[in-house]
Each structure stands twice: as C-alpha cells, then as structure tokens.
Amino acid sequence: MIDKIKALLQEVENMKAANADELEALRIKYLSKKGEISMLMNDFRNVAADQKREVGKFLNELKETTQTKINELKEQFENAQVVQNDLDLTRSSYPIELGTRHPLSLVRKEICDIFGRLGFSIAEGPEVEDDWHVFSSLNFAEDHPARDMQDTFFIQHNPDVLLRTHTSSVQSRVMEKQQPPIRIICPGRVYRNEAISYRAHCFFHQVEALYVDKNVSFADLKQALLYFAKEMFSADTKIRLRPSYFPFTEPSAEMDISCNICGGKGCPFCKGTGWVEILGCGMVDPNVLENCGIDSKVYSGYALGMGIERITNLKYQVKDLRMFSENDVRFLRQFESAN
Ligand SMILES: [Zn+2]
C-alpha cells in the first residue's frame, strides 16, 4: 500500500492542468468521494495494526499535497483570467503622437533666448491698446499715416481704442512705470489693416528690444545687433546698417544681414544683392523718453524691432506667410525635429 501511496504522490506532484475543466477532472480523480485518495482511506481499515502509523502518515501527506497542488493550480487560472480581461500583452503599443512647436514660437523663443543672454528680460503688454501708448507717446505726429484707418484697426469707431500696430507700445508702458536701467524684450502679436496675401497678413508677430541707461550709445546698439545676427544665423554672418526713419528713434537705421542662403554671393532670395533686410533700430528719440517720464539729459537708449515671420522665413524659407496661420499639420509637422 505504501508503494501505491508513493506512486500517487509522485503523480500528484507532477500534475498539470491546461484549463479549469482539466483541473476539475483532476480534483474529482483524486479528492472526490470515489476518488483515488478516498479509496485508499477506505482500504486503510485493512492495514495491519503495526503498519497503521506509517501508512497513515503517508496517506495524510498525499491528501495534503493533493489539496495544496489543486489550490495552487486554481489560483494560477484565476490570476490568468484577471490578466486576460485587463491587459492584452500581445497588443502593440498605442501610436503616441507628439505635438510640435509652431515655427513662429520656435523662432520667438530663440530670439528671446539670445537677448536673454545679453541681460534682457521679457515684458508683455495688452493687444487692445490706446492711442497714447501706440502712437502719441512714441512721437507719431498727429497726421502720421500709420494712424490712418487704412492701417489701424480701431474698435467701435472709437479712435482711442485700437489693436496695437507694433509692440513698441509695450516699451512706452514699461518706461512709464520704471526708471532706468531698463533692458527689456517684448514679443507679441500685432495687427494691421492689410489685405491678406502671400506676403502680408492682418496680424503678425514682432519682437522689440529696448535698452535705456546712462551713456547708452549707438556703438552698444551695433554690438548687440552683431551678436544677435551671429547667434541667430551663423558665426560668419555680417551686418550692415542703412539710415532710415522711424518716429520713435533718432537716428534710425535698418539692418541687413549677409544672405544666409547664398552666403552673400547673390541669389534669387536676396535678389542678387547678397544682403537681406531683417530689422529696424535706432537711438530712442529724447521726446519718447520725456513722454514716458525719463530724463533725456541723463539717460539715453536704443531700440530695435523685427518681424518674427521675417526671421522665420529667413531660417526656414517659408514662401507664403498665410501658412503660419492655417494650422495645416502637413506644414507644422516639418518643424518636429526643431523642437
Ligand atoms: Zn542670397
């Protein structure tokens, strides 16, 4: 009898079940009333008295082992079921689509970072403005064409409420509140009443920089411009300044950089000149400083401003300005790697 128990014990230890039905069959085979173990229990009566102790020990071990093994298998099936319901391990992962930064945001950030390294901090102001901050404080004459309805969006026919036409309004707001030293960079959206085409839009983006302190000179401006051009485009970029006119700076200049596409040799992009215009700048007109409560006899400053679209075109050669506001993902996805 002991041999039979040992054989069964071996069998039970190696027992396997592929599913719950097979497991139930095993349970019936060994543990039911007519199962193998119950039969052995019945036979136990006939075991000789001097062997009862030893046989009983083996029989108990067999019963316990069988029960434990069946419970183990059962648990395994239950766990597997839970896993199956919640998780399909064979499934491929979800396609995770990452967004991309808008090209204008990329370039705006780059411009702000470069000026940040020169000690400029970001200043912002409202897009819905008044005449004083957009025009009057900045030395625009009463009859300046920029004030014209043709160029400026006025709100509800009130000539004093308008959408800012340039971010220079942020400069006058900061100067009104703060005495020099002032070293700010103002990025933002501006609006002009223009017909929409591939090269003009009713809204676009500017970044302006303003530095006001004692003894700020044109040489400081030129140094900042050269640093910016080299950082933004490439280390061998050259700059040149041409005299210009803006109401809020005196003297004023426009800055060209050596064409970053042909390297200054001349190409269709730079119309064969080797130079492309990128920004306007100048020394802050003393009238503007006085208008904002800054003593122009003590302080001087420079200002510069550029269109973000213009710089983006130079960097990425976007031919049609309208693409910036159409949100066509085929266009935007091209800037994935620039993130
Ligand atoms: Zn060129």
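Within the bounds of the range 244-259, is there any residue that is part of a loop (DSSP other than H, G, I, E, B), on the phi < 0 side of the Ramachandran plot, buried (at least 18 other Cβ atoms within 10 Å of the Cβ) and over 36 Å from the mean Cα position of the chain (by Cα)?
No, because not a single residue in the range 244-259 is part of a loop (DSSP other than H, G, I, E, B), on the phi < 0 side of the Ramachandran plot, buried (at least 18 other Cβ atoms within 10 Å of the Cβ) and over 36 Å from the mean Cα position of the chain (by Cα).
Consider the range 42-78. How many of its residues are of a type outside the set (Gly, Ala, Ser) and outside any helix (DSSP H, G or I)?
The qualifying residues number 3.
Of the conditions (1) in contact with a Pro (Cβ under 7 Å, 6 or more places away or on another chain); (2) within 16 Å of the ligand (Cβ to nearest atom); (3) acidic (Asp, Glu), Asp213 satisfies every one except a single condition; which number is it?
The failed condition is (2).
If you take the residues in the range 276-313 that are within 16 Å of the ligand (Cβ to nearest atom) and open to solvent by 20 Å² or more (accessible area, probe 1.4 Å), which one is farthest from the chain's Cα centre (by Cα)?
Of the range 276-313, the ones within 16 Å of the ligand (Cβ to nearest atom) are 276-278, 310-311, 313.
With open to solvent by 20 Å² or more (accessible area, probe 1.4 Å) added as a condition, the list becomes 277, 310, 313.
Numbers: Glu277: 30, Arg310: 22, Asn313: 21 Å.
Checking each candidate, the answer is Glu277.
When you go through Glu24, Glu54, Glu110, Glu61 one by one, which is the residue that is closer than 30 Å to Glu231 by Cα and surrounded by 11 or more Cβ atoms within 10 Å (Cβ to Cβ)?
One residue alone meets the criteria, Glu110.
Would you tally the residues in the range 72-123 being within 19 Å of the chain's Cα centre (by Cα) and over 25 Å from Ser337 (Cα atoms)?
Number of matching residues: 1.
Mind checking which pairs have a first residue in the range 315-337 that is free of Cβ contacts under 8 Å to residues at least 40 places away in the same chain and a second that is open to solvent by less than 50 Å² (accessible area, probe 1.4 Å), Cβ under 8 Å, 6 or more apart or different chains?
Filtered contacts from the range 315-337: Met323/Phe331.
Does Pro268 meet the test of being farther than 17 Å from Gly307 by Cα, free of Cβ contacts under 8 Å to residues at least 12 places away in the same chain and in contact with a strand residue (DSSP E or B) (Cβ under 7 Å, 6 or more places away or on another chain)?
no
Could you please find all residues in the range 256-275 being among the β-branched types (Val, Ile, Thr), touching a Leu at 6+ places or on another chain (Cβ under 9 Å) and more than 7 Å from the ligand (Cβ to nearest atom)?
At the first step, the residues of the range 256-275 found to be among the β-branched types (Val, Ile, Thr) are 257, 261, 273.
Now narrow it down to the ones that are touching a Leu at 6+ places or on another chain (Cβ under 9 Å): 257, 261.
If the condition is that a residue be among the β-branched types (Val, Ile, Thr), touching a Leu at 6+ places or on another chain (Cβ under 9 Å) and more than 7 Å from the ligand (Cβ to nearest atom), then Ile257 is the only one that fits.
Mind checking which residues of the range 227-243 are without any contact (Cβ under 8 Å) to a residue 40 or more places away in the chain and open to solvent by 60 Å² or more (accessible area, probe 1.4 Å)?
Within the range 227-243, Lys230, Ala235, Asp236, Lys238, Arg240, Arg242, Pro243 qualify.
With Leu104, Leu89, Leu98 as the choices, which residue is open to solvent by less than 90 Å² (accessible area, probe 1.4 Å) and either more than 30 Å from Phe331 (Cα to Cα) or in contact (Cβ under 8 Å) with a residue 24 or more places away in the chain (or both)?
Leu104
Yes or no: the range 146-164 includes at least one residue that is in contact with a helix residue (DSSP H, G or I) (Cβ under 6 Å, 6 or more places away or on another chain), surrounded by 14 or more Cβ atoms within 10 Å (Cβ to Cβ) and not in a strand (DSSP E or B).
yes
Are any residues in the range 179-216 open to solvent by less than 80 Å² (accessible area, probe 1.4 Å), of a type outside the set (A, V, I, L, M) and in a loop (DSSP other than H, G, I, E, B), and if so, which ones?
Once the filter is applied, which keeps residues that are open to solvent by less than 80 Å² (accessible area, probe 1.4 Å), of a type outside the set (A, V, I, L, M) and in a loop (DSSP other than H, G, I, E, B), the range 179-216 yields Pro180, Arg192, Asn193, Glu194, His201, Cys202.
The values are calculated or read from the model by the stated rules, or taken from the named source; none is laboratory data. Please read all numbers here as calculations on a predicted model, not as lab measurements. Don't worry about glycine lacking a Cβ; one is built from the backbone with ideal geometry, like all the others, and counts go over all protein chains shown. Calculation scope for accessible area: heavy atoms of the full protein, side chains included, ligands and nucleic acids excluded. Shrake-Rupley method; radii C 1.70, N 1.55, O 1.52, S 1.80 Å.
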